[in-house]
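Everything below concerns the one structure shown next.
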Amino acid sequence: MASVDAIAFLGDTIVAILQKELDELVKPNVVSVLQYTPTEFKNFAPVTPTVTLFLYHVAICGEMRNARSRSIGGIQVPSLPLELRYLVTPWTRAPGGSYLIIGAIAQVFYRHSVLNFGELLGSGWAPDDTVEIILESVPVEEHYDIWKLTDIPYRLSLTYLVRLVGIDADQPEAPPPVAAATFPELLP
């Protein structure tokens, strides 16, 4: 199971995959892929084609909540399965460029819909960790709400749900050994 820094490593992994694949699908060194926040969007005016990756929501994956656990000191500790939602946006001067890039992004994530240990960057992963990348169809209102955060007019973009297998729980302290016990009398 992944360590607490897996979310940061996951962002780096997605950027690296997109950058490599877009260099092959569009043109080498034409499109830059960057992680951004709403604060950074306020002054964002790229001169060259750029793709931004914006993590806008983190939640617990209810379906996987009790799916995996591990034993620590004899205690079963469940992992914390997370769902991350990303907004992926192409920034170009011409609409045709955005359409080309958004199609390439969809193709890249379709090909890389499951990432295994060998594809994940960073040291925070266990050998059996996997990550799912799923294109989400959010309602148009919700999509606009994401953009309201940035005070930037709506831009063509894709939303992806990314599921982590689980974040490790902290090491719980092992319970102290029983030194003495008293039992109430059950019968008179």
Please list, in chain and number order, the residues 5+ apart from residue 136 or on another chain whose amide H is under 5 Å from its amide H, with Hs placed from the backbone. 159, 160, 161
Rg(Cα) of region 6-164 divided by 2.2 N^0.38 Å? 1.12
Ordered by packing density, taken as the mean number of other Cβ atoms within 10 Å over each peptide's residues, highest first, how do 7-15, 129-137 rank? 7-15, 129-137
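No lab work stands behind these numbers, since they all come straight from the coordinates. Predicted model, so just to flag it, every value in this text is computed and none were measured. Every residue, glycine as well, gets a Cβ built from its backbone with ideal geometry; the counts of neighbours run over all protein chains shown.
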